[in-house]
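Data block below; observations after.
The values are calculated or read from the model by the stated rules, or taken from the named source; none is laboratory data. Note that the structure is predicted; figures quoted are calculated from it, not measured. Cβ sites come from the backbone with ideal geometry, for glycine too, and all protein chains shown count toward neighbours.
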Amino acid sequence: MIMSRIKKRLRHLPAYGIRGMTLYDAVPGKKYRIVRVEGGCKLNCRLCAMGLMPNEVFSVYAYSRGGPVCISVKGSRFAIGRGMMGRVFIEEI
Amino acid sequence: MPEKTLVFALAGNPNSGKTTIFNNLTGMRQHVGNYPGVTVEKRSGVITHKGYKIEIIDLPGIYSLTAFSEEEVVARNFILNQKPDVIINIIDSSNLERNLYLTVQLLELGFPMVLDFNMADVAKKKGIKIDRDLLSRLLDSPIIDTVGPRDWGTKELVDAAIKVCHKRKHKKIEIPYGEEIENELIKIMPVLEKHAGYEENMIARWTAVKLLEQDSEVIDRLKGAAGAQYGEVQDVVSKSISHINNIMRLSPEVIIADSRYGFIKGALHEAHEVADKENIDITERIDAILTNRFLGIPIFALIIWMMFQFVFTLGKYPMQWIELGFGRLSVLLDGIITHDLLRSLIVDGIIGGVGGVIIFTPNIALLFFAIALLEDSGYMARAAFVMDRVMHRIGLHGKSFIPLIIGFGCTVPAYMGSRILENKKDRLITMHINTFCSCGARLPVYILLAGTFFPSIAGNVIFSIYLIGIIFAIIMARVLRATRFRGELEPFVMELPPYRIPTLKSILIHTWERAWMYIKKAGTIILAISILMWFMFTFPMIGEEDYSEDFPSQLSSLEEQYGSGDISEAEYLESLSGIEGKMNAEKLEFSAAGRVGKFLEPLFRPLGFDWRMVVASISGIAAKEVIVSSFGTLFSLGGADETSEGLQEKLKENYHPLVGYTFMLFTLLYFPCMASMAVFRREAGTKEMLFQIGYTLALAWVVGMAVYQIGRLFI
């Protein structure tokens, strides 16, 4: 029980420097580029169709603490949930 | 006149304004059904244009032709199997790049296409200039500008589609996928074409691409057709995939998507120009407030509160008119029909039953009006975003919130709406708790009982019922997640559409559809049930010898006493209604319904229910609003008081307010209705449906018993 809680907390910590920057580390107002998405085939296909591709530039424009973020990419806006955020690797530009 | 009906299929991204175009094309001549075997809604309409009979099919809104969701599979299989004469691809022209991603995939299928550049006004405002001639040549399809909400360009769209039909030759566009992928495609295609599972309608190149994308549906279909022989194809494909992974360091599906975007960018580069206007999106400005981390939830709560106020305060007036109308009708028919039984059947059974249900049509219509308004304006997606964190706590994500909120209107569309959840576990949990979002059909029961037993605080009592429902939804979501549906949440990705002013037309069509569905239900199922109930309440008829006391002779002696002047008129009337009351009660107990209720009464005694409440609850399985009409029949049958003191007084005479409240809770908690269970079965299978029925009944009984037994200590 306790271990799983700690793990949960750890997962929410910024992963910067360990495996690279993810969506967790993105803050509103800055621009980022998607480096890669570790999602598996199905999810990759869906994200690509929505325009969330490697090399795509996006910005975060709304977020809620402990909740999802809203990003703006290719003229569309998407809400991305917590579970997803750690799988989207990004870099600041 | 042409000999055959032309079939046009509308395809497009969600939020591209596809539904508005469909409404413009077909007007009110729409038919809503289901695609065979799946639960995706199928909208179609038949129109005549310049002597052509045209069937228009509205395919579900999709981002691509992968197999990510049921909608995508349905749309793609419809195109491949039904082979529409023309595909009309609706494109949000203010967001070309993303929308054309679907277009490119449709082009690969090689069907005649018309590109509908919708929202031309928005694109113009954004300073987007499109060289239509060039783009049309590059994509080998005519381009028509439309503005959905203003109904501009609809005729031109149909004209262009008809013209495309007559064009004999279509150039098939092949997207270059780059050397590596193309090399692998060349290897896969010959193996595939020799393969036993290969069918005529599969386009070899397209299928090969799908195999590289590891499309589960295509793989399953090939496997199903060829069985063990599929291994041969699988070997080639997996070799190709690992080869690409090795040399490109990217998985094939990403490279394929990248090539498609590359093709689109290339085409747009020449034909598309965006003015460098630095204008902040109005949508983002509104979102800054509506999705604000502090204001988001209060605003959301306010909007939902306003919605309920709108539905119930505004709905009151037409309800009164309908009630008045039915009242007049019964009085009128009462005078005309002389045959006792027939009059009872029509006035008590049919008008009492159906009228009691029709009365709530305004509420249902207003609720769906409000939901359509929230959906079309784009707020619904924000609600899901805002609620995601809260929903996460109960083990669901924000998207679940949408079916749950629809559940407050009607559980049937809510179950269907659960399809937006891609993960099966998430979907099943959402469906299993959806019943606790008290649907519109249960509201009449609350209005009747709360109005009867707690007239001064009826609103608060009803609110408490809704709140208890929500609390149970939360508890059960957690319980189910911890027991039957263990596992992680599906990643949450959802588009937030731009805010738009909804068109009255589309909202009205939507509202009308739902209200009409409700009226139809009242006219068919509920009519039948009302008649059935009347028969159950009337037959077998009690004979004079079956009464426990000799009521007929009591009556005649009373008449004699009154006639000879021994008792006053007031005394006479009092004893008369006393005797008739007893007679009616025994008549009902003697009837089939009474017997069933009596048989089950001991089971429900711990909840404080008598056999009448048992009968009413059973009738509620047919549809919850029937409970009201059943109470009506239960207390008015037998023609005891043609003056009709009103159902409310009857209820007050018979039950303690605590029983009334317990009954409301019971009604809230047990599964919604027959129709919803049929949908549940279609969506989730027989096993899950039986689980739903079993656990909600058990929960309703336990909670009802607890409330009644604990409440009894205080009264």
Checklist line | Within region B:239-254, tally of residues that are assigned to a helix (DSSP H, G or I), out of contact with any helix residue (DSSP H, G or I) (no Cβ under 8 Å at 6 or more places or on another chain) and closer than 17 Å to A:ASN44 by Cβ | finding: 1
Next item on the list: For region A:30-47, enumerate the residues that are buried (at least 19 other Cβ atoms within 10 Å of the Cβ), within 14 Å of the chain's Cα centre (by Cα) and within 10 Å of chain B (Cβ to nearest Cβ).
Entry: A:VAL37, A:GLY39, A:LEU43, A:ASN44, A:LEU47
Next item on the list: Specify which of the listed residues (B:PHE472, B:PHE492) is in contact (Cβ under 8 Å) with a residue 24 or more places away in the chain and either in contact with a strand residue (DSSP E or B) (Cβ under 7 Å, 6 or more places away or on another chain) or over 28 Å from B:VAL311 (Cα atoms) (or both).
Entry: B:PHE492
Next item on the list: Look through region B:528-553, keep the residues that are at pLDDT below 80 and among the aliphatic types (A, V, I, L, M), and return whichever of them is surrounded by the fewest Cβ atoms within 10 Å (Cβ to Cβ).
Entry: B:MET541
Notebook entry, point to check: All but one of (1) exposed (fewer than 15 other Cβ atoms within 10 Å of the Cβ); (2) away from chain A (no Cβ under 14 Å) hold for B:ASP220; which doesn't?
Noted result: (2)
Note to self: Looking at (1) modelled with pLDDT of 80 or more; (2) surrounded by 17 or more Cβ atoms within 10 Å (Cβ to Cβ), which one does B:SER556 not meet, given that it meets all the others?
What the structure shows: (2)
Next item on the list: Filter region A:55-71 down to residues that are at the interface with chain B (Cβ under 7 Å from one of its Cβ atoms) and surrounded by fewer than 19 Cβ atoms within 10 Å (Cβ to Cβ), then give me how many there are.
Entry: 2
Margin query: Looking at B:TYR35, B:TYR52 in this structure, which one is modelled with pLDDT under 90, in the same structural domain as B:VAL122 (by TED's automatic domain parsing), aromatic (Phe, Trp, Tyr) and crowded, with 18+ Cβ neighbours inside 10 Å?
Written below: B:TYR35
Next item on the list: With the checklist (1) without any contact (Cβ under 8 Å) to a residue 60 or more places away in the chain; (2) surrounded by 24 or more Cβ atoms within 10 Å (Cβ to Cβ); (3) under 26 Å from the mean Cα position of the chain (by Cα); (4) closer than 30 Å to B:VAL274 by Cβ in hand, flag the one item B:LEU115 doesn't pass.
Entry: (3)
Note to self: Filter region B:382-393 down to the residues that are at the interface with another protein chain (Cβ under 8 Å from one of its Cβ atoms) and either touching a helix residue (DSSP H, G or I) at 6+ places or on another chain (Cβ under 6 Å) or crowded, with 23+ Cβ neighbours inside 10 Å (or both) and list them by number.
What the structure shows: B:ALA384, B:PHE385, B:VAL386, B:ASP388
Note to self: Quick check on my filter: what residues within region B:591-628 are of a type in the set (S, T, N, Q), in contact with a Phe, Trp or Tyr (Cβ under 7 Å, 6 or more places away or on another chain) and part of a helix (DSSP H, G or I)?
What the structure shows: B:SER617
Check: Of the residues B:GLY578, B:GLY608, B:GLY620, which single one is touching a Cys at 6+ places or on another chain (Cβ under 8 Å) and not polar (S, T, N, Q)?
Finding: B:GLY620
Item checked: Sole exception among (1) more than 14 Å from every other protein chain (Cβ to nearest Cβ); (2) aliphatic (A, V, I, L, M); (3) closer than 21 Å to B:ILE402 by Cβ for B:ILE457, by number -> (3)
Next item on the list: Scan region B:133-169 for residues that are surrounded by fewer than 16 Cβ atoms within 10 Å (Cβ to Cβ), more than 14 Å from B:VAL86 (Cα to Cα), more than 39 Å from the chain's Cα centre (by Cα) and not acidic (Asp, Glu) and jot them down.
Entry: B:LEU134, B:ARG137
Note to self: Considering only region B:363-375, I want to know if a residue exists there that is at pLDDT 85 or above, farther than 23 Å from B:PHE436 by Cα and not assigned by TED's automatic domain parsing to the domain that holds B:ALA623.
What the structure shows: yes
Notebook entry, point to check: Restricting the first residue to region B:6-21 and requiring it to be β-branched (Val, Ile, Thr), which pairs with a second residue that is buried (at least 24 other Cβ atoms within 10 Å of the Cβ) meet a Cβ separation below 6 Å and a spacing of at least six or different chains?
Noted result: B:THR20/B:GLY148; B:ILE21/B:ILE90; B:ILE21/B:GLY148
Note to self: Looking at the structure I just gave you, is B:LEU480 modelled with pLDDT of 85 or more and surrounded by fewer than 18 Cβ atoms within 10 Å (Cβ to Cβ)?
What the structure shows: no
Checklist line | Exclusive hit being under 16 Å from B:ALA482 (Cβ atoms) and either within 14 Å of chain A (Cβ to nearest Cβ) or not polar (S, T, N, Q) (or both), set B:LEU421, B:LEU404, B:LEU396 | finding: B:LEU396
Next item on the list: Check off (1) more than 24 Å from B:VAL626 (Cβ to Cβ); (2) in contact with a Pro (Cβ under 9 Å, 6 or more places away or on another chain); (3) touching a residue at least 40 places away in the same chain (Cβ under 8 Å) for B:ALA441 and give me the number that stays unchecked.
Entry: (1)
Margin query: Can you tell me which condition B:LYS129 does not meet? The list is (1) part of a strand (DSSP E or B); (2) crowded, with 23+ Cβ neighbours inside 10 Å, and all the others hold.
Written below: (2)
Next item on the list: At least 3 residues that are over 30 Å from B:ARG285 (Cβ atoms) in each: list the helices (runs of 4 or more DSSP H) lying fully within region B:364-460 that qualify.
Entry: B:411-417, B:424-434, B:443-453
Check: Which helices (runs of 4 or more DSSP H) does region B:255-346 wholly contain that include 2 or more residues that are away from chain A (no Cβ under 14 Å)?
Finding: B:296-336, B:340-343
